[in-house]
Amino acid sequence: MASLAYLKQQKNQGLLVLLLLLAQSPHLLAQLLKETVRIPGSSVNFQMALLPGATFAMGSPAEEAGHEPHEGLHPVTLDTFWMGVCEVTWDEYLLFQLRANDSDSAATDPSFSADAVARPSPPYFDFTYGRGKIGALPAATMTQQAALRYCAWLSDKTGDFYRLPTEAEWEYACRAGTTTAFSWGDDPSKAAEYAWFYDNSKGAYQKTGTKKPNAWGLHDMHGNVAEWTLDFYDELYFTRLDSTAVNPWIPPLRKHSRTVRGGSFEDFSTDIRSGRRLKSDPKWQARDPQIPKSKWWNPDSPFLGFRVVHEKKIKTKAERDAFFEKAIR
């Protein structure tokens, strides 16, 4: 029988080999290091993947099909962070949207009160336009402010710091180590294997996580619903990176415009590229009869949702609140 010392030695050697492999392969790291998070007071959970910090080439080359001048090309350095494996679903969002679905349960804050949470106003018609909310369907039609307030609520419920990804974090996660037009390569004919888009969506968002993931195990980075990022939209974003290329974030100056990424079920395959940038549009509230317009809903963007990131660094409640006060305009 093998001695205990020998078994420990073999285990340590095996661990060393694993760590060396992970160091050489961020793809493997992201596939292995995932966590399932349950929202306190509910049976609803979601998955996060750990993405290793690195420097990557953000943007797209001029010769890429569909390239636009404001996409640029610039090295960007990011710290390690956790990224949602899937887009936030209605199952998750409705816990925040509806007081009846929430509770005073919180992981670390005994003073959390569901009655004190600012929640979305009741929609005055079905903003999903019949596309549904049951069965892991992506939440959609909310404003960026509403998405951020969801993140603040989720942070208070779990005690961890959740927020929207920056534009750079989003693209880094989407590319998953690639430099091609899509996370699977340059061939748009393979889009149907990885994405819900114009050709296969039948005009509606679809259940999250049903298409092939990218190399880091993230689903629906291309298509399904487009995704809010944290950044204020700047046509000259890549010029600004000359001085802020480490964990870059452009804080908001006003409501519009914010950067949106990923493309949606309404887009053609060429419009769901990793580097494609879109900015929010006031027309997304064209059917909102309120004056001023709602801070919660964009009735004319049923193609737009979000996913969350979780920083490794722990933040206090006061630090989180200060961040959201700065991010929400």
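The values are calculated or read from the model by the stated rules, or taken from the named source; none is laboratory data. Source: prediction; values computed, not measured. Glycine also receives a Cβ, built like all others from the backbone with ideal geometry; neighbour counts cover every protein chain displayed.
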- Message: So Phe96 passes all but one of these: (1) surrounded by fewer than 21 Cβ atoms within 10 Å (Cβ to Cβ); (2) aromatic (Phe, Trp, Tyr); (3) farther than 22 Å from Gly223 by Cα. Which condition number does it fail?
- Response: (1)
- Yes/no for Pro251 being touching a Phe, Trp or Tyr at 6+ places or on another chain (Cβ under 7 Å), assigned to a loop (DSSP other than H, G, I, E, B) and over 26 Å from Ala136 (Cα atoms): yes
- Task: Might you let me know whether segment 139-150 holds any residue that is of a type in the set (A, V, I, L, M) and farther than 23 Å from Ser257 by Cβ?
- Result: no
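Just checking, how many residues over segment 119-130 are among the hydrophobic types (A, V, I, L, M, F, W, C) and surrounded by 12 or more Cβ atoms within 10 Å (Cβ to Cβ)?
Quick first cut of segment 119-130, residues among the hydrophobic types (A, V, I, L, M, F, W, C) only: 125, 127.
Add one more test, that the residue is surrounded by 12 or more Cβ atoms within 10 Å (Cβ to Cβ), and what stays is 127.
Selection size over segment 119-130: 1.
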- Message: Just to verify a result, which residue in segment 200-255, among those that are of a type in the set (Gly, Ala, Ser) and more than 19 Å from the chain's Cα centre (by Cα), is farthest from Trp82 (Cα to Cα)?
- Response: Gly203
- Would you point out which residue out of Ala136, Ala114, Ala140, Ala107 is surrounded by 17 or more Cβ atoms within 10 Å (Cβ to Cβ), under 30 Å from Gly53 (Cα atoms) and not acidic (Asp, Glu)? Ala140
- Going through segment 118-174 one residue at a time, which ones are of a type in the set (Phe, Trp, Tyr), assigned to a loop (DSSP other than H, G, I, E, B) and touching a strand residue (DSSP E or B) at 6+ places or on another chain (Cβ under 8 Å)? Phe127, Phe161
- Query: Is it the case that segment 236-245 has a residue that's among the β-branched types (Val, Ile, Thr) and buried (at least 17 other Cβ atoms within 10 Å of the Cβ)?
  - Reply: no
- Note on the structure: For Glu227, the lone unmet condition from (1) in a loop (DSSP other than H, G, I, E, B); (2) among the charged types (D, E, K, R); (3) in contact with a helix residue (DSSP H, G or I) (Cβ under 9 Å, 6 or more places away or on another chain) is (1)
- Message: Which residue is surrounded by the fewest Cβ atoms within 10 Å (Cβ to Cβ), if the candidates are limited to segment 143-160 and must be more than 20 Å from Asn298 (Cβ to Cβ) and among the charged types (D, E, K, R)?
- Response: Asp160
- Note on the structure: In segment 159-212, anything closer than 23 Å to Phe306 by Cβ, small (Gly, Ala, Ser) and free of Cβ contacts under 8 Å to residues at least 12 places away in the same chain is listed as none
- All positions within segment 255-295 that are of a type in the set (Phe, Trp, Tyr) and crowded, with 19+ Cβ neighbours inside 10 Å: Phe265, Trp284
- Output the number of residues of segment 179-199 satisfying the condition of being of a type in the set (S, T, N, Q), surrounded by fewer than 18 Cβ atoms within 10 Å (Cβ to Cβ) and not in a helix (DSSP H, G or I). 2
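Return a yes/no flag: does segment 144-157 have any residue that is under 17 Å from Ile328 (Cα atoms) and among the hydroxyl-bearing types (Ser, Thr, Tyr).
Step one: of segment 144-157, the residues under 17 Å from Ile328 (Cα atoms) are 144-156.
From what is left, the residues that are among the hydroxyl-bearing types (Ser, Thr, Tyr) are 150, 155.
Yes.
So which of Val225, Val308 ends up being under 30 Å from Asp109 (Cα atoms) and touching a Phe, Trp or Tyr at 6+ places or on another chain (Cβ under 6 Å)?
Working: Val225 fails: under 30 Å from Asp109 (Cα atoms).
Of the residues listed, the single one that is under 30 Å from Asp109 (Cα atoms) and touching a Phe, Trp or Tyr at 6+ places or on another chain (Cβ under 6 Å) is Val308.
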- Message: Pull out all pairs, ordered by first then second residue, where Cβ-Cβ is under 6 Å, the residues are six or more apart or on different chains, the first lies in segment 263-275 and is closer than 15 Å to Glu167 by Cα, and the second is surrounded by fewer than 24 Cβ atoms within 10 Å (Cβ to Cβ) and among the acidic types (Asp, Glu).
- Response: Gly263/Asp271; Gly275/Glu71
- Got at least one residue in segment 25-41 being modelled with pLDDT under 95 and of a type in the set (S, T, N, Q)? yes
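Might you let me know whether segment 262-273 holds any residue that is in a strand (DSSP E or B), at pLDDT 95 or above and of a type outside the set (Ser, Thr, Tyr)?
No, segment 262-273 has no match at all.
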- Restricting attention to segment 127-176, report how many residues are aliphatic (A, V, I, L, M), closer than 25 Å to Phe232 by Cβ and in contact with a helix residue (DSSP H, G or I) (Cβ under 7 Å, 6 or more places away or on another chain). 4
